[in-house]
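J.: Here you go, one structure.
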Amino acid sequence: MKTTTIQSSQTVAKKKSLPAALWALTISAFAIGTTEFVIVGLLSTVANDLGTSLTSAGLLVSLYAIGVAIGAPILTALTGKIPRKQLLMGIMLLFIIGNSLAAISPSFELLLLSRVVTGFAHGVFFSIGSTIAASLVPKDKRATAISIMFAGLTVAIVTGVPLGTYIGQNFGWRATFIGVALLGLVGAIASLALVPKNIKQSAPLRLIDQLKVIKNPSILLVLAITAFGYGGTFVTFTYLTPLLEEVTGFSSNMTSVFLLIYGIAIAIGNIIGGKVSNNKPGKALLVMFALQAIVLFVLYFTASSQIFAIVTLFFMGILAFSNVPALQLYVVKMAEKYLPGTEDVASALNIAAFNVGIAIGAYVGGMVVESSLGIEATPWVGGILVIVGFLLTLVLFRKEKI
């Protein structure tokens, strides 16, 4: 009787505990999230070192995003037959190679190429990472498992980006990429040791299946909402470091501190955004986009004041990524409604749309910086893109009531 009770207790404890493999995925997500966003804090440093303009340096953000946009739907489909663990290890190897290449790049062109390569790895990782995480736990814990994996991305924004920016500004931007490559190596070793070989795998995705999703008007509208609504912030975020240094008047070290504050705000916003988006993501998006646009317009007026700029920056951080859960849920709901069984494809396409939005934001921001408007105009221009996202959401919400 006693033995049975002990065994029962051990079984319950085992069910409650989360597999170690999940933390290996989280470490990898942290490394990938760091390399995606840390470049924002290093644009000025890289531009000065490689003798290129700030606008050209902005391509390091936009071309990475394009790499992710290609990698998420297309490469995920093309690698559908490869066993998941084998593919995961290949992705992490590609990630390590891309960041190592960035660290030793003698020219700006080679650095751009390394960013695109790393973007490919990013796109495939987050497309299959959710599936792997969900397969590691019982059905009633799948959402928890996926959120833990994505927590690596959030933690990267909170800690990895400001730390990487500090390292880059004080020890050279190449040191940052070396550090990220080492993080990727840790994630790869952890995955090799902890992720099981016999991961359940759904039928390989075909490109023709993705075309069905792309043809659906409601799903297309969500993708457009993601690109404009999410991407609008990146008009400002891409050039946030030079904005804080040149317009607000902060030193590079202080800017690293404020990027940390911005990251904390993003973490808070993710939690809030998830909680308010469970039932009607469209309604939640309308409120979040409206507030986001207002904050960006306010930043245009407060950027020249150190105190008010930081307050505005905090609220900008809360709203910048709060829309991510709603956008992801929205596209899944549309896929469930119109094309059941294509939820994974729709989700992968939305990951691509997020990064198309980043690319659009970075490109538009670069045009603004180079124009007579100057870097101080990036907030209100970004606000206009967010308004476009708001209007598209209004159209879809009136049509779907979701």
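The values are calculated or read from the model by the stated rules, or taken from the named source; none is laboratory data. From a predicted model like this one, the values you see are computed outputs, not experimental measurements. Virtual Cβ from ideal backbone geometry, glycine too; neighbours counted across all protein chains shown. These area figures cover heavy atoms from the full protein model, side chains too; ligands, DNA and RNA do not enter into them. Shrake-Rupley method; radii C 1.70, N 1.55, O 1.52, S 1.80 Å.
J.: Please build a GNM for the chain, connecting alpha carbons under 10 Å apart, and tell me which residue among T34, T226, T79 fluctuates the most.
T.: T79
J.: Related question: With a sphere of radius 12 Å drawn around the Cβ of A21, what net charge do the other residues whose Cβ falls strictly inside it have (Lys, Arg +1; Asp, Glu -1)?
T.: Here the charged neighbours net out to +3.
J.: For the chain, what does the accessible surface come to per residue with a 1.4 Å probe? Please give it in Å².
T.: Here the residues of the chain average 42 Å² of exposed surface.
J.: Taking springs between alpha-carbon atoms closer than 10 angstrom, which of L63, L194, L244 fluctuates most in the Gaussian network model of the chain?
T.: Looking only at L63, L194, L244, the largest GNM fluctuation is found for L194.
J.: To test your reading of the geometry: what angle, between 0 and 90 degrees and rounded to tens, separates the Cα axis of helix 142-155 from the longest principal axis of the chain?
T.: The angle comes out at about 30 degrees.
J.: Over 23 Å between C-alpha atoms is what I'm after, so list which of K283/K337; K197/K337; K200/K275; K85/K337; K141/K215 land there. Walk me through the numbers before you get to the answer.
T.: Working: K283/K337 18 Å; K197/K337 34 Å; K200/K275 30 Å; K85/K337 31 Å; K141/K215 33 Å.
Correct reply: K197/K337; K200/K275; K85/K337; K141/K215.
J.: Apply the Karplus curve 6.51 cos²θ - 1.76 cosθ + 1.60, θ = phi - 60°, to the phi angles in segment 81-90 and return the couplings in whole Hz, x for Gly and Pro.
T.: Residue by residue, segment 81-90 yields 8, 6, x, 4, 5, 4, 5, 4, 5, x Hz.
J.: Quick one: net charge around A69, please, counting Lys, Arg +1 and Asp, Glu -1 for every other residue with C-beta under 14 Å from its C-beta.
T.: 0
J.: At a Cα cut-off below 16 Å, give the aspartates and glutamates reachable from K333, other chains included and same-chain residues fewer than 8 away excluded.
T.: Answer for K333, where 16 Å is the Cα cut-off: E343, D344, E400, listed by chain and number.
J.: Considering only protein heavy atoms and a 1.4 Å probe, what is the carbon-and-sulfur percentage of the accessible area of segment 212-295?
T.: 70
J.: Further, regarding this structure: With θ set to phi - 60°, apply the Karplus curve 6.51 cos²θ - 1.76 cosθ + 1.60 along segment 114-121 and write out the HN-Hα couplings as whole Hz, x wherever there is a Gly or Pro.
T.: 5, 5, 5, 4, 5, x, 4, 4
J.: I'd like the Karplus ³J(HN,Hα) series for segment 30-40: coefficients 6.51, -1.76, 1.60, θ = phi - 60°, whole numbers in Hz, and an x wherever there's a Gly or Pro.
T.: 4, 4, 5, x, 5, 5, 5, 9, 5, 4, 4
J.: Please give the net charge around L111, taking every other residue with its beta carbon less than 13 angstrom from that of L111, where Lys and Arg add +1 and Asp and Glu add -1. Present the calculation step by step, with values, prior to reporting the outcome.
T.: Details: positive: R115, R174; negative: D49, E109.
Neighbour charge sum, excluding L111 itself: 0.
J.: Counting only protein heavy atoms, what percent of the accessible surface of segment 42-134 is carbon or sulfur at a 1.4 Å probe?
T.: 72
J.: Normalised radius of gyration for the chain, please: alpha carbon Rg relative to 2.2 N^0.38 Å, two decimal places.
T.: Its radius of gyration relative to the 2.2 N^0.38 Å reference: 0.97.
J.: Please identify, among G249, G123, G160, the residue showing maximal mean-square fluctuation in a Gaussian network model of the chain using a 10 angstrom Cα cutoff.
T.: So, out of G249, G123, G160, the one fluctuating most is G249.
J.: Quote the charge dipole size of the chain about the Cα centre in Debye, to the nearest 20; the model charges only the Cβ of Lys and Arg (+1) and of Asp and Glu (-1).
T.: Dipole size: approximately 2040 debye.
J.: Give the Debye-formula value of log10 I(q)/I(0) at each listed q (0.25, 0.29 Å⁻¹), with one equal scatterer per alpha carbon of segment 285-353, two decimals each.
T.: -0.98, -1.14
J.: What is the distance in Å between the Cα centres of segment 301-369 and segment 60-132?
T.: 20
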